[in-house]
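Below is one structure, written out as structure tokens; the observations come after it.
The values are calculated or read from the model by the stated rules, or taken from the named source; none is laboratory data. Owing to the predicted nature of the structure, the values given are computational and were not obtained by experimental measurement. A quick note on method: Cβ atoms are made from the backbone with ideal geometry, for glycine too, and the neighbour counts reach across all protein chains shown.
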Amino acid sequence: MSHQRNPRSLLTPAMHQLLDRMARTRQLPLHALTPQQARQVYEMGSGMLDIPGHKLARVEELSIPTRDGAVVAARLYAPAQERLPVLLYFHGGGFTIGSVATHDALCRHLSHLSHCAVVSVDYRLAPEHKFPTAANDAWDALQWLVREARALGLDGTRIAVGGDSAGGTLAIVCAIEARDADLPLALQLLFYPGCAAHQDTPSHKTFAEGFVIGEEQISYFFNHYVNSPADRAEWRFAPLLAPDVEGVAPAWIGLAECDPLVDEGVLYADKLRAAGVVVDLEIYRGVVHEFIKMGRAIPEALQAHADAARALKHAFQTP
């Protein structure tokens, strides 16, 4: 990715206006809050720019058992009562904030557009639950979904994994573990996933502040999530370090051009392609991290939803 000297000149007019409006609200940045406060602020703001949630034929609360005896909540969305293929979705939020509730409209929209079921997982958050709890919860949720799909009236032979940001990291981890377990997945659907061990790519420097998520916030999240710096060397934290990605599910990757994470997303797409994995990579110009939850203000969000839905429909086509 080439980054101009004044990165703000890359923004679309609508994105520029939105960032200016956000700056004028003078809210305390998330990294100045406790994790509990940050969750509340994020939850309160999460619906403000998002499109209204679609009404769907099925919306059900689920409980998923984990390997350590805990139970995590999840929510099932489906646009019809028939036996549909299913996307297992992991929300973003730096492993520290975010929930099924903050990504409700997005999951409803993906379900509606793709005509598939979506199961959104409330995996456990840091700092109460540090690495690798979120990754363990994600993999446990996928194994549970495979076992329970039929009882839930879903098509367990057509499952995709997806997520945004930290949730994208978890989806990547599931795709690699599914390959190792001979569990076939239709697709990994990744919105600006975190992939790198350290924030040292050019885009992390270019977009370090003033683009919704920046260096201080990323460090805040990761410092809550890791037990020690050694965790960053684990591929389940940084999938770019995975020794081998050959044979994982095909990927649709949607990145934001003006995002600290854009370079590592491109690097991960390159890593998959080098291993022979089919990759569909879209880079949405002039928008920032989190843009897929800004459909009221940013047309690129609606475009990304449509592109992701098309990829899901294509992946779920029965042979």
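Assorted remarks:
- The single condition among (1) touching a strand residue (DSSP E or B) at 6+ places or on another chain (Cβ under 8 Å); (2) buried (at least 24 other Cβ atoms within 10 Å of the Cβ) that residue 264 does not satisfy is (1).
- Of the strands (runs of 3 or more DSSP E) lying entirely inside the stretch 64-140, the ones with 3 or more residues being among the hydrophobic types (A, V, I, L, M, F, W, C) and surrounded by fewer than 23 Cβ atoms within 10 Å (Cβ to Cβ) are found at 71-78.
- Contact map, the stretch 141-156: first residue of a type in the set (Phe, Trp, Tyr), second residue modelled with pLDDT of 95 or more, Cβ cut-off under 7 Å, separation 6 or more or different chains; pairs are 144/64; 144/65.
- Residue in the stretch 69-83 that is in contact (Cβ under 8 Å) with a residue 40 or more places away in the chain and basic (Lys, Arg) present: yes
- In the stretch 263-273, the count of residues that are under 17 Å from residue 10 (Cβ atoms), among the aliphatic types (A, V, I, L, M) and part of a helix (DSSP H, G or I) is one or more.
- Here residue 223 passes the criteria (1) surrounded by fewer than 22 Cβ atoms within 10 Å (Cβ to Cβ); (2) at pLDDT 95 or above; (3) more than 21 Å from residue 91 (Cα to Cα) except the one numbered (3).
Results for (1) in contact with a His (Cβ under 9 Å, 6 or more places away or on another chain); (2) surrounded by fewer than 19 Cβ atoms within 10 Å (Cβ to Cβ), shown as yes or no for each residue.
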{"position": "174", "(1), (2)": "no, no"}
{"position": "179", "(1), (2)": "no, yes"}
{"position": "182", "(1), (2)": "no, yes"}
{"position": "211", "(1), (2)": "yes, no"}
{"position": "217", "(1), (2)": "yes, no"}
{"position": "244", "(1), (2)": "no, yes"}
{"position": "256", "(1), (2)": "yes, no"}
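- Residues located in the stretch 180-221, provided they are closer than 19 Å to residue 277 by Cβ and either touching a Cys at 6+ places or on another chain (Cβ under 6 Å) or part of a loop (DSSP other than H, G, I, E, B) (or both): 181, 182, 183, 184, 185, 186, 192, 193, 194, 195, 196
- Filtered by the rule that a residue be buried (at least 20 other Cβ atoms within 10 Å of the Cβ) and part of a strand (DSSP E or B), the stretch 274-319 gives 284, 287, 288.
- When residues of the stretch 10-36 are limited to those that are closer than 18 Å to residue 213 by Cβ and of a type in the set (Val, Ile, Thr), the one surrounded by the most Cβ atoms within 10 Å (Cβ to Cβ): 12
- Test: residue in the stretch 303-315 that is touching a strand residue (DSSP E or B) at 6+ places or on another chain (Cβ under 9 Å) and over 23 Å from residue 88 (Cα atoms): no
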